[in-house]
Amino acid sequence: MPLACISHHTRAVAARWDALSSLRPVGPLERVSTVPARPATVRARHTAASKRPTASRAEASGPAAALPPWVRLLTLIAATWLVPWAQTHGSPRPDDHRPLRPVHTYSIVARDPDSGEMGVAVQSHWFAVGSRVAWAEAGVGVVATQSFIEVRYGASGLDLMRSGWTAPQALAALLEADPHPEVRQVAMIDARGEVAVHTGAQCIRYAGDLTGEGLAVQANLMLRPGVEAAMAQAYRETTGALAERLLVALEAAQAAGGDLRGRQAASLVVVRARSTGRPWEDRIVDLHVEDHPTPVKELRRLYRLQTAYEHMDRGDRAIESGDVAGALSEYGAAEALAPENLEMRFWHAVSLVNARRLDEALPLFAGVFARDLHWRTLVGRLHEAGLLSGDAAVVRRIESVQPLRPHPPLQDSSHP
């Protein structure tokens with residue numbers, strides 16, 4: 001790729017830097033009032049969510065922090081936007097490239113003010129929509145990027161927020177670098193709850209967004225107007241876990257008409273307020289329905305199943321600590337959420353055997369064996385591996401239990 005091509009695009013961004021520099025963090029990262037001018041339809045939607053005062057925030061640390069903020073941002077934009085574009089198109093005219101394939105959808109980004117958890121949920125008539133629209137990182141923020149989608153809003157938005165920028169500052173900077181902000185729809189929330197949203201003037205109707213305290217809902221190509229309002233109302237009127245509230249918002253959007261084209265995929269991601277340093281623990285919920293005739297309904301089923309397995313995990317920990325009563329309560333909660341799931345009932349029975357409560361375990365084994373006799377084979381293998389207490393007589397007694405009501409194996413809820 002010719003270096004002149006990169007140089008031209010870098011100069012194009014640098015030429016706009018006088019306006020962009022107004023967003024440079026100064027001291028406590030207060031928002032400077034001289035926001036670069038944009039077309040009225042874009043500016044109004046963006047600034048409506050970002051005029052709230054920004055609280056102080058610690059400066060970013062590390063080698064990159066030694067560089068002036070404007071140098072870090074210019075480098076980020078050149079690396080994540082301009083160089084990949086030039087490699088693809090080989091032309092010094094960014095306006096020659098206009099995105100042609102939309103990912104129209106409805107989504108919600110939110111932060112729970114009590115727990116600090118942040119989440120994003122989305123549904124669209126587009127395969128595997130979550131892998132492109134939903135971005136989240138514990139202790140940093142969440143992003144939804146949609147319409148004529150540009151995934152760099154997700155990756156670069158998180159990069160900027162991680163380095164100390166607020167969500168409004170990050171979104172304004174990325175919009176300034178984008179040759180086609182008029183077809184984008186993007187929402188961001190940072191770890192402090194700052195909200196920013198943008199709906200481009202050329203997003204296909206019905207399109208719009210609504211914001212609130214720690215909340216942004218956005219939609220485009222909807223069957224009828226009012227989807228955003230239905231989502232926001234459902235979210236605000238629901239109590240409980242953040243994931244539950246996000247799911248209710250998606251369900252409300254579908255009930256209000258949803259995507260004009262129908263349904264195909266949905267995702268739900270929730271991250272912790274602060275990073276643990278262990279990414280596999282930072283995502284509290286990470287569920288994706290890639291292709292399904294009723295994706296939000298399927299997402300609800302998966303979330304119910306995840307909640308049931310969380311009860312199972314707590315039950316196992318209670319058994320390890322000798323709290324049999326606590327374990328039975330957790331196992332009961334799990335089976336109430338997923339009564340068709342044989343796995344949960346089987347391991348519940350195994351835990352009872354290991355707690356020397358064989359008589360209570362036998363009816364559970366009988367119910368499992370009635371649905372699938374393969375689980376009976378596993379009993380002896382667990383004993384061989386030292387995972388089932390008791391002697392050979394205990395194993396024989398379990399294996400000889402009569403199924404309550406024999407019938408062909410049933411499909412359990414973890415395999416739709």
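The values are calculated or read from the model by the stated rules, or taken from the named source; none is laboratory data. Here the structure is a predicted model, which means the values were calculated and not measured. Counting neighbours? That spans all protein chains shown, and the Cβs are built from the backbone with ideal geometry, glycine included.
Filter the stretch 364-398 for residues that are surrounded by 14 or more Cβ atoms within 10 Å (Cβ to Cβ), more than 39 Å from the chain's Cα centre (by Cα) and modelled with pLDDT of 95 or more and give the result. Working first, answer last.
Looking only at the stretch 364-398, we keep the residues that are surrounded by 14 or more Cβ atoms within 10 Å (Cβ to Cβ), and these are 364-372, 375-376, 378-380, 382-383, 388-390, 394-395, 397-398.
If we keep only those that are more than 39 Å from the chain's Cα centre (by Cα) too, we end up with 366, 380, 383, 389-390, 394-395, 397-398.
Those that are surrounded by 14 or more Cβ atoms within 10 Å (Cβ to Cβ), more than 39 Å from the chain's Cα centre (by Cα) and modelled with pLDDT of 95 or more: 366, 380, 383, 394, 395, 397, 398.
Taking the condition of being assigned to a strand (DSSP E or B) and in contact with an Asp or Glu (Cβ under 6 Å, 6 or more places away or on another chain), how many residues in the stretch 125-150 meet it?
We begin by selecting, within the stretch 125-150, every residue assigned to a strand (DSSP E or B); these are 134-137, 141-147.
From the residues that got through so far, the ones that are in contact with an Asp or Glu (Cβ under 6 Å, 6 or more places away or on another chain) too are 141.
Matching residues across the stretch 125-150 total 1.
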Pick out the one residue from 255, 216, 243 that is modelled with pLDDT under 95 and at negative phi. 255
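How many residues does the stretch 290-342 hold that are basic (Lys, Arg) and not in a helix (DSSP H, G or I)?
Of the residues in that region, 0 qualify.
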Output the number of the condition that residue 153 fails; it satisfies all remaining conditions of (1) crowded, with 24+ Cβ neighbours inside 10 Å; (2) in a helix (DSSP H, G or I); (3) in contact with a strand residue (DSSP E or B) (Cβ under 7 Å, 6 or more places away or on another chain); (4) touching a residue at least 40 places away in the same chain (Cβ under 8 Å). (4)
Here is a list of conditions, (1) farther than 15 Å from residue 122 by Cβ; (2) not in a helix (DSSP H, G or I), and residue 263 meets all of them except one; can you say which number that is? (1)
For the stretch 319-344, how many residues are surrounded by 15 or more Cβ atoms within 10 Å (Cβ to Cβ) and either touching an Asp or Glu at 6+ places or on another chain (Cβ under 6 Å) or in contact (Cβ under 8 Å) with a residue 60 or more places away in the chain (or both)? 5
